[in-house]
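Derivation of every value follows stated rules applied to the coordinates shown; laboratory data play no part. All values derive from a computational prediction rather than experimental measurement. Every residue, glycine as well, gets a Cβ built from its backbone with ideal geometry; the counts of neighbours run over all protein chains shown.
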Amino acid sequence: MVKKQDEIYASPLNEIIDFDFDEKVADVFPDMIQRSVPGYGTMISTIGILAAKYAQPNSRCYDLGCSLGAVSLSMRQRINQPDCKIIAVDNSEAMVERGMELLASDNSSRVPVEMVCADIQDIAIEDASVVVLNFTLQFIPLDQRLALITRIYQGLKPGGVLILSEKMAFEDQIKQAFHTEAHHDFKRANGYSDLEISQKRTALDRVMIPESLARHKERLRKAGFPVSEVWFQCFNFASMIAIK
């Protein structure tokens with residue numbers, strides 16, 4: 001599959017509609033995510049390593065909000081446990097269609113992957129040893145996030161893990177300003193114009209709501225996780241692991 005360049009916000013738009021993972025986004029998503037999220041490649045490859053560490057025999061590994069299935073592929077290529085299955089879920093038909101093409105072209109057949117087009121909140125979490133929410137929770141309404149994390153906790157086997165990657169907000173305004181500007185500098189260095197940065201930020205404002213690390217940790221604790229730890233952070237993007 002040829003990697004296309006993201007130019008969705010390159011021209012001035014008369015009306016900026018809310019960001020959606022539609023056909024246009026799916027078409028350029030690999031380029032968009034690499035140029036927008038610092039450390040994304042490192043996170044994807046390391047999630048595979050962590051999944052291999054915590055995957056249990058006769059269990060399921062979930063990739064919730066899987067987009068094109070990068071996390072699923074990383075887990076598939078690393079996990080070496082008998083009778084493991086990966087369930088990848090996304091509510092975007094365009095993402096799932098392209099994700100299935102990518103999975104079909106992967107030569108790693110060690111772990112089967114089932115890709116499902118559905119709302120992650122409608123998916124039962126059962127016999128899970130690894131669950132990944134990779135930049136997904138931030139698109140879930142705030143008042144529904146605890147229920148989702150609690151369901152994940154309840155569906156995990158003892159010793160199972162939740163890997164949670166999110167764009168972070170900072171309660172200290174000086175820290176927030178630093179991380180915001182550093183992120184914008186990162187995007188400029190990757191070829192995005194100020195117009196693209198501004199228009200995409202407007203499109204995301206109502207649909208993506210980041211939270212502070214403290215709020216994430218408190219929610220994980222309320223859901224039942226006794227241990228949670230940040231294992232990666234670059235500017236305002238971080239990934240955590242919570243262990244049951």
Given backbone amide H placed at 1.01 Å from N, residues whose amide H is under 5 Å from that of residue 211, ignoring those fewer than 5 places away on the same chain, are 169
Quick one: compute the contact order of the stretch 29-162, relative version, from alpha carbon pairs under 8 angstrom and 6+ residues apart, as a percent. 26
Among all the lysines, which ones have a C-alpha under 23 Å from residue 175's C-alpha, if same-chain residues fewer than 8 places away are not counted? 167, 187, 200, 217
Using 7 Å Cα-to-Cβ label points, what is the residue 28/residue 233 separation (nm, one decimal)? 3.1
In the neighborhood of residue 193, defined by Cβ-to-Cβ distances under 14 Å, what is the net charge if each Lys or Arg adds +1 and each Asp or Glu adds -1? 0
Report the charge-dipole magnitude of the chain in Debye, nearest 20, computed about the Cα centre from +1 at each Lys and Arg Cβ and -1 at each Asp and Glu Cβ. 1040
Could you name the lysines in cross-link range of residue 222, using Cα to Cα under 19 Å and dropping any fewer than eight places away on the same chain? 157, 244
Hits among aspartates and glutamates - C-alpha to C-alpha of residue 4 under 14 Å, sequence gap 8 or more where chains match: 23, 27, 31
